[in-house]
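Here the structure comes first, spelled out in structure tokens, and everything after it is commentary.
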Amino acid sequence: MKLLTPRQMKTIDEIAINTLGIPGIVLMENAAIQTAFKASSMLEGKEEPNITVIAGNGNNGGDALAVTRHLLTMGYAVSVFSMTDVDELLGDAYTNGRILKNIGVTIPVISEKEDLERLKVACRNSDLVIDGLFGTGLNRFVKGIWSDVIDIINTFSPKVLSIDIPSGIDGLSGKVMGNAVKADATVTFYLPKVGMVQHPGASFLGELSVADIGIPYALSENIETARLSEKNDIKKLLPLRPANGHKGTFGKLLVFAGSESMTGAAYLSALSAYRTGSGFVRLAVPHSCISTLSILLPEAVFAGLAGYSGIKFNEYIKKLIDDADAVLIGPGLSRTDDALSLMEAVVENCNKPLVIDADALNILSVERSLLERLRCETVITPHPVEMSRLTEKSVSEIQEDRINIAKNFADEFGLTVVLKGAGTVIVANDGRTSVNPTGNQGMATAGSGDVLAGVITSLLGQGLSTYDAAVTGVYLHGLAGDIAAADKGAAGVMASDIADNIPKAIIHVQS
């Protein structure tokens, strides 16, 4: 499903109104009807329910005023409040305010602290409160009486329905702009907005409905948009498993991973690669790790690493890479001089799809020239702290603009970026962008990233492009985490549980 930025939605609105000739008030009317239907569905089973509607100053407030009229027509008892005298509203919002006044509806204005008590009583006595304070274009922090109103909505409302987006959420980044409505449900229009699938905003939406308001979807066809990964998209990307295939058919992987204190990282990345369908995984690890890993994962083949310099070492690395279909470097690698020498040899010799994770990313952040020397199709998988080191931006800067920062980095260095976190962002070097909906807080555990790196590398080895492998791998990884959390509870999930549930995730997508 496509995701729009607030600016893109505004452009589409303008084209619909100014080029196609659809009156703005018609779009507002359609939005109000859809919201009224959603409100009605939330009140099923309630006898003589009471509704409170709170309208802001702009078009979102106009939607709220129009919703009020439709709910009154449907026979509901509705109280409506406005943050401004409706005679001072503009455009279509003004029109809908005047209609309500013309049919005898009293619209109290909330402008002073003294007005808040009346709103508090109304919310407490309502079965549903409809939030129409701010829309997706909010670009300032919520302060003063506006924040007080949001506090009342959150404290005294039994159920909340937000129009377009919970008020106070940035429609681009998902950031809470000082204070925000915590909705039980949200009706958004035309297509979801990017900030709705980015945290923390995503956790304020409640149940999200996407309503058709009469704008042709063809208007978004030529706009470069992000996408929300969906099961059917992933199903189409899963590699085929021919009945006459052999281990070479399903990809030969080379994994540079592990160190004496982090042997488990190598194990988890190789295990997850096998669980994703790889036919052959060679673990290139320090000799001291091989005996332990051969017990943990007897299916793996091993290449010992020693003497991390010189022509022979370089030729050895080249030979290992030449025999692989895809390469992973980083999990548990450590940040020693030997790890740097290995990274340099891989960058110099790699002509196969490459995934760079964990300590290999930390090496890149110090030795940035290695980024510029990459000659192969590459996926990097940073979490926000690693991305901070790579970009020399603060973590807060990255979290507030995840998509654009990932997009700029992918474009600058010609690679695919997987910016991990809740709502993982995947960006190709040509600008294609996806946001992942699967996963849960239980996956914030040591080794989870090693599992993801193995999944993506496995899919590369089975023939997917870097972007498709990243999108598919992130989705399957998150879904496996969801399956594990359903079984063990979020607090009990370990990285090995995620790896072990990859096959179930694949079966779920195929079903």
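At-a-glance table
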{"item": "Amide H within-cut-off set for Val53, under 5 Å, with H built and near neighbours excluded", "result": "Ser79, Val80, Phe81, Ile130"}
{"item": "Degrees, to the nearest 10: 448-461 long Cα axis against longest axis of the chain", "result": "70 degrees"}
{"item": "Percent antiparallel among DSSP beta bridges (both partners in the range 231-510, rounded to 5)", "result": "20 percent"}
{"item": "Kirkwood-based Rg to Rh ratio, the chain, C-alpha trace", "result": "1.07"}
{"item": "The range 168-219-the range 29-59 distance, computed between alpha-carbon centres (Å)", "result": "17 Å"}
{"item": "Entries of Lys159/Lys488; Lys235/Lys352; Lys182/Lys235; Lys247/Lys352; Lys10/Lys175; Lys420/Lys488 with Cα pairs more than 28 Å apart", "result": "Lys159/Lys488; Lys182/Lys235"}
{"item": "Within the chain, helix-based [θ] at 222 nm, where runs of 4 or more DSSP H residues each add -39,500 (n - 2.57), nearest 500", "result": "-13500 deg cm²/dmol"}
{"item": "For Phe189, residues with placed amide H under 5 Å, excluding near neighbours", "result": "Ala211"}
{"item": "Sorted by Cβ density within 10 Å, fewest first, the residues Glu48, Glu315", "result": "Glu48, Glu315"}
{"item": "Loop trypsin sites (Lys or Arg not before Pro), the range 105-214, which have at most 12 other Cβ atoms in a 10 Å radius of their Cβ (DSSP)", "result": "Arg140, Lys143"}
{"item": "Point-to-point label distance, Asp212-Leu116, nm (Cα→Cβ direction, 7 Å offset)", "result": "4.3 nm"}
{"item": "√(5λ) per eigenvalue of the Cα gyration tensor, the range 2-225, largest first, Å", "result": "25, 20, 17"}
{"item": "In order through the range 99-110: 3J(HN,Hα) via Karplus (6.51 cos²θ - 1.76 cosθ + 1.60), integer Hz, x for Gly, Pro", "result": "4, 4, 5, 5, 9, x, 7, 7, 10, x, 9, 9"}
{"item": "Crossing angle, helix 466-488 versus the chain [Cα axis fit, 0-90 degrees, rounded to tens]", "result": "80 degrees"}
{"item": "Share, in percent, of DSSP beta bridges within the chain that are antiparallel, nearest 5", "result": "15 percent"}
{"item": "Mean projected area in nm² (Cα convex hull; one quarter of hull surface) for the range 298-376", "result": "5.3 nm²"}
{"item": "Where the Cα pairs of the range 231-510 fall when distances are cut into 5 Å bins, in %", "result": "1, 6, 14, 18, 21, 18, 13, 7, 2, 0, 0"}
{"item": "Percentage relative contact order, the chain, counting C-alpha pairs under 8 Å, at least six apart", "result": "12 percent"}
{"item": "The chain: angle of helix 402-413 to the longest principal axis, Cα-based, in degrees nearest 10", "result": "40 degrees"}
{"item": "Cα convex hull of the range 51-164 - mean projected area over all directions, nm²", "result": "6.6 nm²"}
{"item": "Built amide H within the under 5 Å cut-off of Leu228, gap 5+", "result": "Lys2, Leu3, Val435"}
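Coordinate-derived values only; no laboratory data. It should be emphasised that the depicted structure is a prediction, and the values quoted were computed from it without experimental measurement. Methodologically, a virtual Cβ is constructed for each residue, glycine included, from the backbone with ideal geometry; neighbour enumeration extends over all protein chains shown.
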